[in-house]
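Some notes on the structure that comes next.
The values are calculated or read from the model by the stated rules, or taken from the named source; none is laboratory data. Quick caveat, the model's predicted, so the values are computed rather than measured. FYI the Cβ positions are ideal-geometry reconstructions off the backbone, even for glycines, and counts take in every protein chain you see. Areas reflect the complete protein model, heavy atoms only, side chains present, ligands, DNA and RNA absent. Shrake-Rupley method; radii C 1.70, N 1.55, O 1.52, S 1.80 Å.
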Amino acid sequence: MDLATLLQVLDSTIRLATPLLLACLAGLFSERSGIYDIGLEGKMLAAAFGSAATAAVTGSVWLGLLAGIGSSMALAGLHGLSAITFRGNQLISGVAINFLAAGLTVVLAQDWFHQGGRTPSLSGGARFDAIALPLAETLRPVPVLGPVYAELISGHTLLVYVAVALVPASWWVLYRTRFGLRLRAVGENPEAVDTAGVSVPATRYAAVAICGALCGLAGAYLATSLQAGFSRDMTAGRGYIALAALIFAKWRPWQALGATVLFGLLQAMALRYQNIELAGIAFPGQVMDALPYILTVVILAGFVGRAVPPRAGGEPYVKERKI
Amino acid sequence: MNTIPKWADLVLIPLISLAIAALLSALVILGIGEDPVAAVKMMVSGALGSTYGWGYTLYYATNFIFTGLAVAVAFHAGLFNIGGEGQATLGGLGVALVCLALPWPHWALALPAAALGAALFGAAWAAIPAWLQARRGSHIVITTIMFNFIAASLLNYLLVNVLRPAGAMDPSSARFGEGTHLPTLHDLAAPLGIAFSKAAPANISFLLALAACLAVWLLIWRTRPGYEIRALGHSEPAALYAGIHPLRTVMWAMLISGALAGLMAVNTVMGEAERLVMNSVGGAGFIGIAVALMGRNHPLGVLLAAILFGFLYQGGAELALWTDIPRELIVVIQALVILFTGALDNMVRMPLERLFLALGKGRA
């Protein structure tokens, strides 16, 4: 493989990893606070539709981004309502949200745009432009480093850089702020946090809201950066891969970056090569597709490392429960 | 803690939840500028107004009975099996392998063999997450989700590279032989003098589904493994003290659950398509969750809920055919049903509990 091909594959790795990373960080906040979220997929899809529809109507990608985050946060609120206030089953709520988004986006898209459940193609100010980093073209002739800088590091849309910046930011919020400490504690031992006079529901709602906002970014990226508009089921299982990456990363931000880049690379490889030959054995593309899921099962089974979820995950908190 | 009577728990709460879901669905229909009353009329006449409509309604219902029972059996053991999709996909592979393996002389021979293949493959696909949950503590929801995707990739590979007949373009298996053709409800009803539509795909699998309902009822409430499954679902420590082996019980529950999900393929693969195609499950594995929730995990409830969802499916298809309302509207309705009967159950239950408490005090 020559440098140019390698750069192309890595470039598409970054593009494909970005929505995974955003959704993975979203799940990280929610699950660290003890709220399981298998509705990442649905929230991304709602955000993709919300952002594309608004950008198509207004011509402004910024309004689209806001609408995308809003749609995703509305579903996050619904998840919070059922999981926190009404102490419902978080997994069932997540399944319902995935269905709600899958159905509602197509019904509304058909009603608003009459294009078979798609939004019109976005162009110009309705999409995020690629950003050329300073000196990208000047440095291009420099061997190896030049093309790497110009092709790989420069030339992505704003949301890609935001996603990368969110990794240290998430780490800082979770491990270096009072809020982060409480958020993690609520996911491990809500009774202790409650005793300390901190509201468990409020902390969990905050976490779920952050999750909604990040899923909103992920969805908006899909519809306004990676592609030009919304099409039905365009998230194509990314929410579930993000969930897999979250387990792979053992619910930690930097590892989330690593896991999503790895899964992004697998997707990029599967996209580029129908069959991959390694050490004389031909791997069909379907193996690459399935690899994130297989790896997750292996990790979950504890054969390689052990992924231990937050202790209070999935359990609604009932104040002063009599046992 | 039992503040509400059993009938309210089993009938009233699901009905109220259903009513809220229906109301919101009506608002969605209004929101896209259509008339909800006309829509419901069209759905009823399209799904129940003719034997053709009934044929489709019962065909879909057959799928949902199997996947609903699958979710329900796992639920009784305290397991949330959202792997019905993958288990039914593998069940389809089992059906196809059985049907293609031999030149079957008659469906009466092919049906039991294919059902066995479907059940075995479905159970095998559920066995791995079950074992991982029981032995390695991996969360069954996550592993079954992963197994859904792995099943899709596996089937994709097999259809493209292995099962596709030479020279064929689309990724599907060869057609099954004539001897595997299952009698449709038309064939079954004709000797009784009932003129049932010839075009509808409902077939003898519906009777198989009814038998499965009965079998699940007997299993859960009338056998020792069923008792152990329920005991484990109620309280794992208590089950442990009672000498119930959790690993064995989890395995039994998931094997039965996977087998039931797999059996769905008899209806779709053998009864309707008569060859294995991509995505023959079409989301029925997930609808099983809604069906089990609405049916309160009881086979009779599952049967009724499955027929309701069959009606929604067929009615929704008619709507999409004759109006501007897309087929996805039924996905929205389904989501609302799952939301209100499952996740927001307490929203309906809490005020009702308070109401019954107040009524009880008034009487005393």
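Side notes on the structure shown:
- With the simple model of a label 7 Å out from the Cα in the direction of the Cβ, A:Ile276 to A:Leu66 spans 4.2 nm.
- Share of carbon and sulfur in the accessible heavy-atom surface of chain A [1.4 Å probe, %]: 65
- P(r), alpha carbons of region B:1-75 - 10 Å bins starting at zero, rounded %: 16, 25, 41, 17, 2
- Here chain B is scanned for trypsin sites (Lys or Arg not before Pro) in DSSP loops (not H, G, I, E, B) that have at most 14 other Cβ atoms within 10 Å, and the longest stretch holding none of them is B:1-174.
- Of the peptides A:183-196, A:290-303, the order by per-residue mean of other Cβ atoms within 10 Å, starting with the highest, comes out as A:290-303, A:183-196.
- Average accessible area per residue (Å²) across region B:163-222 - probe 1.4 Å, nucleic acids and ligands excluded: 53
- Comparing A:Leu226, A:Val142, A:Ser30 along the charge dipole axis of chain A, the residue lying farthest to the positive side is A:Ser30, per the Cβ-charge model.
- Of B:Leu303, B:Leu185, B:Leu154, the one that fluctuates the most in a GNM where chain B has Cα springs shorter than 10 Å: B:Leu154
- Whole-percent P(r), region A:160-257, all Cα pairs, 10 Å bins from 0: 14, 39, 31, 13, 2.
- Taken over the Cα atoms of region B:232-338, the convex hull encloses 127 Å³ per residue.
- Highest-fluctuation residue, A:Pro19, A:Pro120, A:Pro134 considered, GNM on chain A with Cα pairs under 10 Å: A:Pro134
- Chains B and A, summed buried accessible surface - 1.4 Å probe, Å², nearest 100: 3700
- A Cβ-based charge dipole, computed about the Cα centre of the protein assembly as shown with Lys and Arg at +1 and Asp and Glu at -1, lands at about 1780 debye.
- Contour minus Cα-Cα distance for B:His245 and B:Ala38 (0.36 nm per residue): 69.1 nm
- Angle between chain A longest axis and helix A:3-32 axis [Cα atoms, degrees, rounded to 10]: 10
- Per residue, region A:173-283 exposes 41 Å² of accessible surface when a 1.4 Å probe is rolled over the protein heavy atoms with every protein chain present.
- Neighbouring partner chain Cβ atoms per residue of B:287-293, average, 10 Å criterion: 2
- For chain B: rounded, prolate or oblate by the Cα gyration tensor [a/c cutoff 1.5]: oblate
- Value of relative contact order over chain A, rounded to a whole percent, pairs C-alpha under 8 Å and six or more apart: 34
- Mean Cβ count within 10 Å, highest first, over the residues of peptides B:47-55, B:307-315, A:145-153, A:201-209: B:307-315, A:201-209, B:47-55, A:145-153
- The base-10 log of I(q)/I(0) for region A:132-182, evaluated at q = 0.13, 0.24, 0.32 Å⁻¹, reads -0.47, -0.81, -1.05 [Debye formula, identical scatterers on Cα atoms, solvent excluded].
- Taken residue by residue and averaged, Cβ atoms of other chains lying within 10 Å of the Cβ of B:131-140 number 4.
- For region B:64-159, average projected area of the Cα convex hull in nm²: 6.7
- When you restrict to C-alpha pairs under 8 Å that are six or more residues apart and normalise by the size of region A:70-172, the relative contact order lands at 14 percent.
- Charge tally around B:Ser172: other residues with Cβ under 12 Å, Lys/Arg +1 each, Asp/Glu -1 each, net +1.
- Helix-only CD estimate at 222 nm, as mean residue ellipticity for chain A, using -39500 (n - 2.57) per DSSP H run (n ≥ 4): -21000 deg cm²/dmol
- The relative contact order of region A:168-271 comes to 19 percent, based on Cα pairs under 8 Å that sit 6 or more residues apart.
- In degrees, nearest ten, helix A:200-221 long axis to first principal axis of chain A (Cα): 20
- The residues of region B:67-110 listed by number as losing at least 50 Å² of accessible area in the complex, against the isolated chain and with a 1.4 Å probe, are B:Phe80.
- Estimated 222 nm signal from helices in chain B, with DSSP H stretches of n ≥ 4 weighted -39500 (n - 2.57), rounded to 500: -22500 deg cm²/dmol
- With all pairs of different C-alpha atoms in the average, the Kirkwood value for the hydrodynamic radius of region A:1-135 is 16.6 Å.
- Considering only B:Gly177, B:Leu247, B:Val216, the residue lying farthest towards the positive end of the dipole of chain B is B:Leu247, judged by Cα position with unit charges set on Cβ.
- Förster radius 35 Å - calculated FRET efficiency between A:Thr85 and A:Tyr175, Cβ distance, rounded to 0.05: 0.80
- For the protein assembly as shown, the share of alpha carbon pairs falling in successive 10 Å distance bins from zero is 3, 14, 24, 27, 19, 9, 3, 1, 0, 0 percent.
- Other protein chain Cβ atoms within 10 Å, averaged over every residue that makes up B:340-350: 6
- Cα-based Rg and Dmax for chain A, where Dmax is the largest Cα-Cα distance (Å): 20.3, 71
- Semi-axes of the equivalent ellipsoid of region B:279-364 are 33, 15, 11 Å, computed as sqrt(5λ) over the eigenvalues of the C-alpha gyration tensor in descending order.
- Whole-percent carbon and sulfur share, accessible surface of region B:136-180, 1.4 Å: 58
- Cα gyration tensor shape of region B:105-228, rounded if a/c is under 1.5, else prolate or oblate by comparing a/b with b/c: oblate
- Shape analysis of region B:2-43 based on the Cα gyration tensor places the equivalent ellipsoid semi-axes at 30, 10, 4 Å, largest first.
- A full extension of the chain between B:Val162 and B:Leu300 corresponds to an added length of 45.6 nm, given 0.36 nm per residue minus the alpha carbon distance.
- Once the C-beta distance of A:Ala202 and B:Arg135 is scaled by a Förster radius of 41 Å, the resulting FRET efficiency is 0.60 to the nearest 0.05.
- Chain A: angle of helix A:61-80 to the longest principal axis, Cα-based, in degrees nearest 10: 30
- Within chain B, helices built from complete DSSP H runs that reach 30 Å or longer along their own axis (Cα positions) and carry a mean Kyte-Doolittle hydropathy of 0.5 or higher are B:51-76, B:107-136, B:299-322.
- Order of exposure, largest accessible area first, which applies to A:His79, A:His114 with probe 1.4 Å: A:His114, A:His79
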